[in-house]
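Below: one structure, written as structure tokens.
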Amino acid sequence: MKIKCIASDLGNVIIDFDRDNMIRQFAEILNFTPEKVLDVFLKSGLARQYETGKISTDVFLKEVSSIAQGRISYRDFMDIWSGSFTLNTDYFDFLLSVKDKVKLIMVSNTNELHYSYIEENFPEIMIFDEYFLSYEMHSMKPDAEYYHYFIGESGYEAEEILFIDDKQENIETAEKVNLKTFQYKSFADFQNIVKNYKI
């Protein structure tokens, strides 16, 4: 079946995100171990609450301030939180090349601070027909409801949508709901595989 819609992830697909560098910088400035930084932001559920819009940016920042106990300024926090992004130019050029052939939708687990930063600093990537952002939807990948929602809103059957994401767990759910899938690891691999799809 011909691909009529591309559902593309944002982080580590369109925009490369160096999470290890972010964790290292937070560890240094907060005098935490990298493991504690992971515990604070990820294992505690704080990041998930923020990325699903369950807590506001104000509440998130207050939580961070409480954890940091005055060891980091707002400016330094923002520099680290949003300072590890770079554009994947090869992949973005591919999206530009197919924009007039297929519908483009962004499907991203993200948060208000990160997305606002990307909008301001990478405005050229805002070429999508629709945007499905976890913090606005109050749902995130790999939760099945997230997929059912964007498939329904896309106007296409699942089999007509190519879902591109870097995380295996997100690909697994996509396959369960009958999306065509590609797990993004490098543009070279993607370029070889995408030739097999009718776009």
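The values are calculated or read from the model by the stated rules, or taken from the named source; none is laboratory data. It should be emphasised that the depicted structure is a prediction, and the values quoted were computed from it without experimental measurement. Here Cβ is always computed from backbone atoms with ideal geometry, including for glycine, and neighbour counts include all displayed protein chains. Just so you know, the surface numbers come from the protein's heavy atoms only, side chains and all, with ligands and any DNA or RNA stripped out. Shrake-Rupley method; radii C 1.70, N 1.55, O 1.52, S 1.80 Å.
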Review point. From the residues GLY45, ILE125, ALA188, which one has its Cα farthest along the dipole of the chain in the positive direction, the dipole being from +1 and -1 charges on Cβ of Lys/Arg and Asp/Glu about the Cα centre?
Key: ALA188
Revision key, fill the gap. Mean projected area (nm²) from the convex hull of Cα positions in segment 141-193 is 3.5 nm²
Point to revise | Centroid-to-centroid separation of segment 15-33 and segment 45-112 [C-alpha atoms, Å] | key: 14 Å
**Study point:** Which listed pairs, of LYS99/LYS141; LYS4/LYS180; LYS141/LYS180; LYS99/LYS167, have C-alpha distances above 18 Å, in listed order
**Key:** LYS99/LYS141; LYS99/LYS167
Review point. How much accessible surface does TYR74 have with a 1.4 Å probe, in Å² rounded to 10?
Key: 140 Å²
Study note, to complete from the structure: Expressed in nanometres to one decimal, the distance between label points 7 Å along Cα→Cβ at TYR74 and ASP16 is 3.2 nm
Point to revise | Reachable aspartates and glutamates from LYS176, criterion Cα separation under 17 angstrom, eight or more residues apart if same chain | key: ASP143, GLU145, GLU157, GLU159, GLU160, ASP165, ASP166
Check your understanding: Given the chain reduced to its alpha-carbon atoms as identical point scatterers, what log10 I(q)/I(0) does the Debye formula return at q = 0.07, 0.13, 0.14 Å⁻¹?
Key -> -0.22, -0.73, -0.83
Study note, to complete from the structure: Once the dipole of the chain is set up from charges on Cβ (+1 Lys and Arg, -1 Asp and Glu), the residue from the list SER154, LEU179, TYR74 lying farthest towards its positive end is LEU179
Review point. In degrees between 0 and 90, to the nearest 10, how far off the longest principal axis of the chain does helix 89-98 point, with axes built from Cα atoms?
Key: 40 degrees
Revision key, fill the gap. When the chain is treated as a Gaussian network with springs between alpha carbons less than 10 Å apart, the largest mean-square fluctuation among THR181, THR33, THR86 is found at THR33
